[in-house]
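Below is one structure, written out as structure tokens; comments come after it.
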Amino acid sequence: MGFCNSCGRPIVKEDYGTNKDGSLNPEFCKDCFQNGEYTEPDITLNEMIIRKSKEMMAKNPRLAETHATGITTMFIPGLKRWNPEFQDDYKDIKDL
Ligand SMILES: [Zn+2]
């Protein structure tokens with residue numbers, strides 16, 4: 001099992017996003033990535049962190065907001081969609 005490199009949720013094959021040619025993209029979930037594009041191209045890192053914090057708190061009502069945002073602030077910026085290191089990797093590949 002992997003996890004989505006945009007929203008960070010754990011994903012199995014049924015959750016995979018899709019590439020332009022319809023093949024599965026195991027790096028992202030289908031909520032974030034369909035037909036080779038992000039479903040919400042304009043969402044910011046900050047918005048994603050807030051959304052995932054709220055989802056975590058909805059699932060765990062006793063979880064404190066500071067704790068939830070603490071986890072998401074550590075985790076989400078390292079995902080490929082948001083991490084500048086990976087974006088440089090992709091840029092290099094495109095330039096070649
Ligand atoms: Zn996702």
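Of note:
- The local environment of G22, defined by Cβ-Cβ distances under 14 Å, has a net charge of 0 under the rule Lys, Arg +1 and Asp, Glu -1.
- Across the chain, the longest run free of exposed loop sites, meaning trypsin sites (Lys or Arg not before Pro) lying outside DSSP classes H, G, I, E and B with no more than 15 other Cβ atoms within 10 Å, spans 21-61.
- In order along the stretch 53-68, the Karplus-derived 3J(HN,Hα) couplings, from 6.51 cos²θ - 1.76 cosθ + 1.60 at θ = phi - 60°, round to 4, 5, 5, 4, 5, 5, 6, 10, x, 8, 6, 6, 4, 5, 5, 4 Hz, and Gly and Pro are given as x.
- Dipole magnitude of the chain about its Cα centre (Cβ charges: Lys, Arg +1; Asp, Glu -1), debye to nearest 20: 440
- The stretch 2-95 - accessible surface per residue (Å², probe 1.4 Å): 67
- Relative contact order of the chain, defined on C-alpha pairs under 8 angstrom at six or more residues apart (%): 22
- Under the Debye formula (equal points on every Cα, no solvent term), log10 I(q)/I(0) of the chain at q = 0.13, 0.16, 0.22, 0.24 Å⁻¹: -0.48, -0.71, -1.18, -1.29
The values are calculated or read from the model by the stated rules, or taken from the named source; none is laboratory data. Nothing here was measured: the structure is a model prediction, and the numbers come from that model. For neighbour counting, all protein chains shown are included, and Cβ atoms are generated from backbone atoms with ideal geometry for every residue, glycine included. The accessibility values were calculated without ligands, DNA or RNA, using every heavy atom of the protein model including side chains. Shrake-Rupley method; radii C 1.70, N 1.55, O 1.52, S 1.80 Å.
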